[in-house]
Amino acid sequence: MLDQRKRTIQEAETYIQTHLSLVNPEYRPAFHAVAPVGWINDPNGFCWFHGQYHLFGQYHPYSAKWGPMHWGHWVSPDLIHWEWAGVAMAPDQEYDQAGVFSGTALIENDVLIVMYTGVSLSPDGRLIQQQCIARSKDGYHFEKDPRNPVIRSEDLPADVPADDFRDPKLFRTPDGYRAIMAARNAAGGELLVYSSQDLASWKLAGTCTEGISRMLECPDYHRIDGKDLLVFCAIGLPEAPGHFPSPHTAVYMTGSMNDQYTAFQGISPEAVDMGLNFYAPQAADTPDGCILTSWMPGPGGTIPTDDLGHQWAGCMVLPRQLHIREDRLYQKPVEAVRKLRRNKISIHQVMEPDQPFIGSHGKCFEWELKLKADHSVRMELFRSEGNGFLVTWDPASGMLTMDRNGCGHDMSGKAPERVTAHLFTPGNAITLNIFVDTCTVELFANEGERVMSANVYPKGNTYTWAILSDGQFEITGDCYELAATTEV
Ligand code: FRU
């Protein structure tokens, strides 16, 4: 899927314009960032610049499958209304003609600086990943640095192969700059730290973390609530039911960076999100706090919008504000999503065993619920043809399960269809905030101590839902329809 041909921004824009009318909107989310046509994966260069949010992302306009990577671009005033801003970078240089891979942003002197991985192919067909810089004065048009690649494959330790060296997290330190990259050596994945005074010449300064899995991807680093947060994706994790949703999981560690910003000490890795579809998160420090977004559906599994010929694939999750309490990451959906609330229905009821609470809804809605129970409670979303999408809370074991088996179009492929998360604060009460947007389900439990995100492509047009249990349970809360951002 990688080739040597350079591609320009203009070529991509022309393709987009001439293919827009072929996109089938059936499953397109109403308030999540999606591409106008084509495939997206990881969020990149996420930042607040010139009074608005800029979100870039891995983008292949030419099909609903992964291919030679460009950077797509959205802007937003509030993290909910996302406007497509076109293609920001194309694989148009010798050093990135096989792909403009993931990277991050740094704002300095009113300039938006991004560092990304340029991928090229050697004459004998080997993949070469090197780190590059591009700058933008207006946030829309980028100039790639003539000195690129600034961290070359020759700068790698001898035991690190050039085909797994990517996804720089660029940040400023009191004595210059650091970039953390994902790499691997014979022992497994590691995060290498390079340092620089001028963004042009870099030297290896340390290894931030290692020994977690076969390979790592997409490192990110922030300081929140007086603690340091390191986030990365781990490929080939050992099985840990209830703690990692799959062998390819985005994980976090809270702890502290050393004074040289070259090594990290922290808790053992925990999943950022325990759902079926979440990968490559990236956070930005903004006036609204540290905000995280991420790619759904993540790697593995089949993608119905591709299989059905809808000409688009992938979206970014509902952005979340991050906090750290007692070494745990808490995620809260951004406030602006409340602007979309419509037609509130309040519930306060004690339900008898086997008497389901039943309702119906459209494709976009939010539940803000508190449940009290001794027996497990089952929430069945999207009951139409076939199975519903099940969320089960078991107070006795402190487990929360998502099960998509048999619900809507098949997504299984290599990916699991059912996942269970251990709650950190189990008990006989739980708060749940559930957001559904056409093909996404995002669930925040107990003020965001656990988050589970998944895609679902239900069949049919009208859906019923049900909440039920074998025992008595109490349900209190509000349900809302959510409007499309184009209507608000
Ligand atoms: C993660 C990832 C990154 C890479 C990008 C390529 O999903 O594999 O490591 O930069 O996607 O699209």
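A quick yes/no check of all residues on (1) in a helix (DSSP H, G or I); (2) polar (S, T, N, Q); (3) out of contact with any Lys or Arg (no Cβ under 9 Å at 6 or more places or on another chain):
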residue: Cys47; (1), (2), (3): no, no, yes
residue: His54; (1), (2), (3): no, no, yes
residue: Pro68; (1), (2), (3): no, no, no
residue: Trp84; (1), (2), (3): no, no, yes
residue: Gly103; (1), (2), (3): no, no, no
residue: Gln130; (1), (2), (3): no, yes, no
Problem set entry | Verdict on Gly448 being under 16 Å from Arg378 (Cβ atoms) and either over 25 Å from the mean Cα position of the chain (by Cα) or of a type outside the set (Val, Ile, Thr) (or both) | no
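Here is a list: Leu216, Leu237. Which entry is surrounded by 20 or more Cβ atoms within 10 Å (Cβ to Cβ) and under 16 Å from the mean Cα position of the chain (by Cα)? Break it down stepwise before answering.
Numbers: Leu237 fails: under 16 Å from the mean Cα position of the chain (by Cα).
Being surrounded by 20 or more Cβ atoms within 10 Å (Cβ to Cβ) and under 16 Å from the mean Cα position of the chain (by Cα) holds for just one of Leu216, Leu237, which is Leu216.
Condition check ((1) more than 20 Å from the chain's Cα centre (by Cα); (2) among the acidic types (Asp, Glu)) across all residues:
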position	(1), (2)
Asp410	yes, yes
Ile434	no, no
Ile467	yes, no
Tyr480	yes, no
Seminar exercise, completed: Per the filter on region 138-152, residues buried (at least 19 other Cβ atoms within 10 Å of the Cβ) and either of a type in the set (Lys, Arg) or within 14 Å of Val119 (Cα to Cα) (or both) are Lys144, Asn148, Pro149, Val150, Ile151
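Kindly check whether there is at least one residue in region 131-146 that is modelled with pLDDT of 95 or more and closer than 25 Å to Leu318 by Cβ. Before the answer, list the steps.
The first filter runs over region 131-146 and keeps only residues modelled with pLDDT of 95 or more, leaving 131-146.
Retained after the next criterion (residues that are closer than 25 Å to Leu318 by Cβ): 139-140.
Yes, that holds for at least one residue.
Can you spot a residue in region 97-108 that is within 16 Å of the ligand (Cβ to nearest atom), farther than 26 Å from Asn277 by Cα and of a type outside the set (Lys, Arg)?
Residues of region 97-108 within 16 Å of the ligand (Cβ to nearest atom): 97-105.
So of that shortlist, the ones also farther than 26 Å from Asn277 by Cα come out as 97-98.
After this cut, where a residue has to be of a type outside the set (Lys, Arg) as well, the list is 97-98.
Checking region 97-108: at least one residue is within 16 Å of the ligand (Cβ to nearest atom), farther than 26 Å from Asn277 by Cα and of a type outside the set (Lys, Arg).
Looking at region 6-20, can you tell me whether even one residue there is closer than 24 Å to Thr438 by Cα and either in contact with a helix residue (DSSP H, G or I) (Cβ under 6 Å, 6 or more places away or on another chain) or not aliphatic (A, V, I, L, M) (or both)?
So in region 6-20, the residues closer than 24 Å to Thr438 by Cα come out as 16, 19-20.
Retained after the next criterion (residues that are either in contact with a helix residue (DSSP H, G or I) (Cβ under 6 Å, 6 or more places away or on another chain) or not aliphatic (A, V, I, L, M) (or both)): 19.
Yes, region 6-20 has at least one match.
Among the residues of region 292-308, what is the count of those that are touching a Lys or Arg at 6+ places or on another chain (Cβ under 7 Å) and at pLDDT 95 or above? Spell out the reasoning first.
First, pick out the residues of region 292-308 that are touching a Lys or Arg at 6+ places or on another chain (Cβ under 7 Å): 292, 300-301, 306.
Now narrow it down to the ones that are at pLDDT 95 or above: 292, 306.
So the count comes out to 2.
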Exercise. Hey, Val114 hits all of (1) within 16 Å of the ligand (Cβ to nearest atom); (2) surrounded by fewer than 24 Cβ atoms within 10 Å (Cβ to Cβ) but one; which does it fall short on?
Worked result: (2)
Seminar exercise, completed: By residue number, the members of region 319-333 that are more than 14 Å from the chain's Cα centre (by Cα), assigned to a loop (DSSP other than H, G, I, E, B) and buried (at least 20 other Cβ atoms within 10 Å of the Cβ) are none
Problem set entry | Residue ID - farthest from the ligand (Cβ to nearest atom), chosen from residues in region 70-80 that are over 17 Å from Gln321 (Cβ atoms) and either among the aromatic types (Phe, Trp, Tyr) or in a loop (DSSP other than H, G, I, E, B) (or both) | Trp74
Exercise. So which pairs qualify, if the first residue must be in region 206-219 and on the phi > 0 side of the Ramachandran plot, the second must be within 9 Å of the ligand (Cβ to nearest atom), the Cβ gap must be under 7 Å, and the two must be at least 6 apart or on different chains?
Worked result: Cys218/Asp42; Cys218/Ser102; Cys218/Asp167; Cys218/Ala182; Cys218/Cys233; Cys218/Ala280
Exercise. Going by the structure shown, is Ile235 within 16 Å of the ligand (Cβ to nearest atom), at negative phi and in contact (Cβ under 8 Å) with a residue 12 or more places away in the chain?
Worked result: yes
Problem set entry | Conditions (1) within 16 Å of the ligand (Cβ to nearest atom); (2) acidic (Asp, Glu); (3) closer than 29 Å to Pro287 by Cβ: number failed by Glu190 | (3)
Exercise. Ile347 fails exactly one of the following numbered conditions: (1) surrounded by fewer than 24 Cβ atoms within 10 Å (Cβ to Cβ); (2) within 19 Å of the chain's Cα centre (by Cα). What is the number of that condition?
Worked result: (2)
Problem set entry | Every pair of residues 6+ apart whose Cβ atoms lie under 8 Å, when the first sits in region 381-393 and is of a type outside the set (S, T, N, Q) while the second is surrounded by fewer than 17 Cβ atoms within 10 Å (Cβ to Cβ) | Arg383/Thr464; Arg383/Ala466; Glu385/Lys459; Glu385/Gly460; Gly386/Gly406; Gly386/Lys459; Gly388/Ala466
For this session: Output the residues belonging to region 176-213 that are among the charged types (D, E, K, R) and either within 17 Å of Gln130 (Cβ to Cβ) or modelled with pLDDT of 95 or more (or both).
Result: Arg178, Arg184, Glu190, Asp198, Lys203
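The values are calculated or read from the model by the stated rules, or taken from the named source; none is laboratory data. All figures in this text were calculated on a predicted structure; none of them were measured in a lab. Methodologically, a virtual Cβ is constructed for each residue, glycine included, from the backbone with ideal geometry; neighbour enumeration extends over all protein chains shown.
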